[in-house]
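Down below is the structure, laid out as structure tokens.
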Amino acid sequence: MGQAPEMSETALEPIGAVHRTQVGRDATEPMREDIRLLGAILGDTVREQNGDEVFDLIERARVEAFRVRRSEIDRADIAKLFDGVDVHLALPVIRAFTHFALLANVAEDIHRERRRAVHEAAGEPPQDSSLAATYLKLDSAELDAVAVADALAGALVSPVITAHPTETRRRTVFDTQHRITELMRLRLHGHTTADGRDIDRELRRHILTLWQTALIRLSRLKIQDEIETGLRYYAAAFFEVIPQVNAEVRTALQARWPEGGLLEEPIVRPGSWIGGDRDGNPNVTADVVRLATGSAAHTAFAHYFAELTALEQELSMSARLVHISDQLGALADACHEPARADEPYRRALRVVHARLTATARQILDRQPEHELDLGMDPYSAPGELLDDLDVIDASLRANGSAVLADDRLARLREAVRVFGFHLSGLDMRQNSDVHEEVVAELLAWAGVHPDYASLGESERVEILAAELGTRRPLIGQDAELSELARKELDIVAAAARAVHVFGPEAVPNYVISMCQSVSDMLEAAILLKEAGLLDATSAHPYAPVGIVPLFETIDDLQHGASILEAALDLPLYRAVVTARGGSQEVMLGYSDSNKDGGYLAANWALYRAELDLVESARRTGIRLRLFHGRGGTVGRGGGPSYDAILAQPPGAVQGSLRLTEQGEVIAAKYAEPRIARRNLETLLAATLEATLLDVEGLGDAANPAYEVLDDLAARAQRAYAELVHETPGFVEYFKASTPVSEIGALNIGSRPTSRKPTTSISDLRAIPWVLAWSQSRVMLPGWYGTGTAFEEYVGEGPGSAERLAVLQDLYRRWPFFATVLSNMAQVLAKSDLGLAYRYAELVEDEALRRRVFDKIADEHQRTIRMHELITGHDDLLADNPALARSVFNRFPYLEPLNHLQVELLRRYRSGDQDELVQRGILLTMSGLATALRNSG
């Protein structure tokens with residue numbers, strides 16, 4: 001179906017791709033050549049493996065898709081290709097276009113490296129979002145050393161890996177894609193493989209492997225699978241890149257401000273939610289928490305063992321030829337192996353290796369390879385391991401071998417500093433409603449109050465504060481509790497075990513979803529106290545796990561600062577914060593605020609909340625750290641990280657940034673070292689600039705600008721609510737015109753799509769909400785309501801030109817406003833209402849279909865028109881040439897995936913329970929997510 005009845009053809013054209021010109025064609029020709037090469041190899045492979053019939057259908061679909069883009073044929077023509085197509089024929093077509101998207105990702109990543117190399121070779125200034133560019137900005141700002149040291153005290157940049165249903169690729173696919181990337185990199189520089197093999201032949205071999213490997217699992221993804229998926233990024237990139245980046249940033253800043261003692265702790269420290277986030281996920285248990293923390297620690301130890309084994313081979317120096325320090329000699333003497341009598345460094349490393357082996361046997365549930373049992377005592381903490389490595393380092397440097405110390409040993413020392421025995425911090429998260437139910441049961445069992453849930457807020461706070469002020473637990477081991485209460489207490493106990501065994505960094509935070517009151521914060525504190533993770537009664541309070549309120553809805557964001565201040569007014573809670581160095585973390589929910597009030601209202605509510613929280617922190621004298629619950633999509637807070645961080649209000653960063661990384665975005669950012677380094681540099685560069693420089697740019701005009709956004713956000717929220725919350729039948733339209741029901745029914749992810757059994761949009765999890773709209777190419781969460789807000793604000797007649805000028809001025813001067821418009825434009829460029837109408841045809845009620853789709857289409861046109869008026873760009877991607885290239889080159893290849901998804905959804909919903917039909921739907925979801933690169 002090419003266009004809907006009564007809709008103009010223009011309204012249903014894919015925005016961005018159709019209107020691209022020859023801009024930058026010369027610069028992008030090498031990328032197109034790479035895409036053609038990889039596509040040709042894939043095509044040859046498909047023909048050889050599946051025959052001419054499959055290949056011919058794929059090729060016809062590809063050609064027709066490009067004809068649609070050139071407006072040579074109607075969409076109905078390509079849709080007819082798949083009407084009634086045999087599912088055995090459809091599956092290889094879906095797999096072919098999915099693989100092409102994956103290979104196009106490789107080509108784009110290689111092209112970005114190529115362009116950066118061209119810029120550097122031409123002697124051009126370093127690009128924004130690179131650390132080199134940031135250092136130049138800091139140098140020109142002539143900053144005061146004391147102010148810098150204060151601003152960067154406790155500095156932290158923490159990407160937090162979270163599970164996501166669209167990141168379903170198996171490890172074999174992941175590894176094969178990495179090898180193809182390496183081969184394309186070698187080809188770029190005209191090299192052969194290390195053993196002299198022909199690159200093109202090797203590409204064919206790996207693409208054949210890719211084609212013959214199943215893209216996704218047949219069984220439902222388990223949390224264990226998600227844990228393993230999250231940990232794969234350490235061996236793939238993090239172990240190499242994070243220690244390196246930490247050392248380089250510390251060196252660079254200390255060279256500029258040598259007296260400041262800057263970054264004594266590593267600034268980049270990764271985190272994870274996988275296995276600790278039980279909000280709406282009944283599959284998270286105490287055993288899962290133990291598995292998640294234990295697997296993370298196992299990953300760290302396995303890396304250390306491998307590095308120590310390699311170091312032992314490398315540091316072969318003989319005592320007959322080199323001097324050593326007394327400390328090194330003493331360390332080496334603990335190893336009594338005559339064969340290594342004159343090799344002190346090897347003996348010292350074997351002592352370290354043996355003590356670490358003893359540590360692993362003491363704290364790990366399973367042992368890594370490369371154990372070394374010499375009967376040594378274990379290390380009690382990572383600091384002891386680091387002390388021994390420092391002895392080796394100091395001896396090398398003191399005796400003319402600094403060049404050796406600066407290689408693998410330096411990387412290992414940095415790794416121990418950042419990864420410790422825990423690898424990454426696992427955040428715990430649960431919904432406040434669950435806390436209330438469990439705490440009510442505990443209080444009733446202990447005889448404190450029979451009906452806690454019936455109490456008002458002030459009475460709740462009084463009771464909870466009193467309990468936190470005592471050392472006695474509420475219950476004992478023999479307490480007769482409900483299954484829910486026992487499960488929650490067991491989970492927190494498993495977290496307490498991880499803190500005890502792996503160190504306090506193993507579980508740094510307890511996040512409270514839907515936090516709406518002080519009592520919500522104190523209920524979590526009660527659970528931590530029951531597990532021995534909180535004691536506020538002594539002169540030196542114990543609080544290894546931070547209590548983190550998560551403000552998610554627009555209303556909660558507006559009240560977040562007052563909730564925090566009320567909590568800090570309680571002496572007991574203030575003591576907990578003091579015990580944590582005066583630092584309080586607050587999480588901001590991008591996803592649910594967007595689902596609640598729409599794109600513009602949510603973004604502004606977040607900005608306002610940050611302003612309020614910063615002011616509260618100033619008044620109360622605490623150090624605020626914000627944790628941004630961003631998803632991959634703009635509708636869930638995504639978009640370019642550098643711009644997003646610089647768009648934060650003044651004082652909101654303060655040297656610290658935690659943000660969630662989700663789904664296929666993780667693979668796009670961190671799947672291999674060069675790309676991972678670039679993305680970590682981006683986070684660091686933006687954090688340093690937002691902390692140390694004035695990046696808001698509004699000056700004295702801030703309050704008038706804020707008032708304009710207050711107005712716009714209110715208008716946008718009304719427009720969004722009119723569609724999503726007030727249009728009769730909207731939920732039915734959403735469920736019928738998107739694959740949201742299938743996201744839950746098919747084996748995607750370990751988490752249910754809703755927090756509880758319901759048909760309410762408010763109870764639907766944000767990931768399936770956004771994922772469903774992106775699959776159907778509407779992308780509604782990333783723009784709806786904004787066009788109406790702008791149009792109403794500008795208005796008509798007298799004063800409209802002046803009001804438009806106000807918005808144009810804000811776009812030029814204010815990073816926040818420019819970023820909001822830029823991210824929205826990216827979403828609009830990826831939307832396609834022609835394809836969206838194909839999905840709308842799945843809605844059987846024609847009146848409902850017209851009522852909702854027409855509203856969406858009208859707002860889509862209105863938003864594009866207002867974006868052009870405000871920005872002056874008739875091209876949505878004028879400020880993002882990289883995405884423009886991507887949209888132009890790859891989007892025709894998405895077309896067949898969308899048409900096939902619609903065809904298979906229609907069959908599945910009509911009662912066709914063929915397992916291959918279900919698998920085809922899942923494959924189209926995976927393919928579209930891979931191609932869009934930020935679908936959820």
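The values are calculated or read from the model by the stated rules, or taken from the named source; none is laboratory data. Keep in mind it's a predicted model, so treat the numbers as computed, not measured. Cβ placement follows ideal geometry from the backbone for every residue including glycine, while neighbour counts extend to all protein chains displayed.
Annotations
- Some residue of region 452-470 being at positive phi and either among the acidic types (D, E) or in a loop (DSSP other than H, G, I, E, B) (or both): no
- Qualifying residue in region 589-604 (condition: buried (at least 22 other Cβ atoms within 10 Å of the Cβ), of a type in the set (A, V, I, L, M, F, W, C) and under 25 Å from A153 (Cβ atoms)): no
- Qualifying positions in region 312-353 - among the hydroxyl-bearing types (S, T, Y) and crowded, with 22+ Cβ neighbours inside 10 Å: Y345
- Candidates are the residues of region 399-443 that are on the phi > 0 side of the Ramachandran plot and not hydrophobic (A, V, I, L, M, F, W, C); the one that is surrounded by the most Cβ atoms within 10 Å (Cβ to Cβ) is G420.
- Check on Q127, touching a residue at least 12 places away in the same chain (Cβ under 8 Å) and either on the phi < 0 side of the Ramachandran plot or crowded, with 20+ Cβ neighbours inside 10 Å (or both): no
- Just one residue in the set L208, L291 is over 28 Å from the mean Cα position of the chain (by Cα) and either assigned to a helix (DSSP H, G or I) or closer than 30 Å to V653 by Cβ (or both); that residue is L208.
- Among the conditions (1) outside any loop (DSSP other than H, G, I, E, B); (2) touching a residue at least 24 places away in the same chain (Cβ under 8 Å), the only one that V284 does not satisfy is (1).
- Residue selected from region 430-451 under the condition of a type in the set (A, V, I, L, M, F, W, C) and not in a loop (DSSP other than H, G, I, E, B), by the criterion nearest to the chain's Cα centre (by Cα): V434
Yes/no matrix, rows are residues, columns are (1) buried (at least 20 other Cβ atoms within 10 Å of the Cβ); (2) under 21 Å from V778 (Cβ atoms); (3) among the polar types (S, T, N, Q):
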| site | (1), (2), (3) |
| --- | --- |
| L683 | yes, no, no |
| T687 | yes, no, yes |
| G699 | no, no, no |
| A719 | yes, yes, no |
| E722 | no, yes, no |
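- Residue match in region 59-66 (condition: surrounded by 17 or more Cβ atoms within 10 Å (Cβ to Cβ), under 30 Å from S910 (Cα atoms) and out of contact with any Pro (no Cβ under 6 Å at 6 or more places or on another chain)): yes
- Taking region 798-910 as the region of interest, the helices (runs of 4 or more DSSP H) fully inside it that hold 2 or more residues being touching a Leu at 6+ places or on another chain (Cβ under 7 Å), under 24 Å from A719 (Cβ atoms) and in the same structural domain as L712 (by TED's automatic domain parsing) are 800-813, 815-830, 833-840, 846-871.
- Test: residue in region 105-112 that is at pLDDT 90 or above and surrounded by fewer than 17 Cβ atoms within 10 Å (Cβ to Cβ): no
- In region 775-796, residue farthest from L709 (Cα to Cα) [restricted to those that are charged (D, E, K, R) and in contact with a helix residue (DSSP H, G or I) (Cβ under 9 Å, 6 or more places away or on another chain)]: R777
- Residue within region 130-147 that is outside any helix (DSSP H, G or I) and under 29 Å from H178 (Cα atoms) present: yes
- Looking at L321, L308, L331, L262, just one residue is closer than 25 Å to G400 by Cα, among the aliphatic types (A, V, I, L, M) and not in a helix (DSSP H, G or I), and that residue is L321.
- Evaluating E459 against the criteria (1) of a type in the set (D, E); (2) within 28 Å of the chain's Cα centre (by Cα); (3) surrounded by fewer than 23 Cβ atoms within 10 Å (Cβ to Cβ) leaves one unmet condition, (2).
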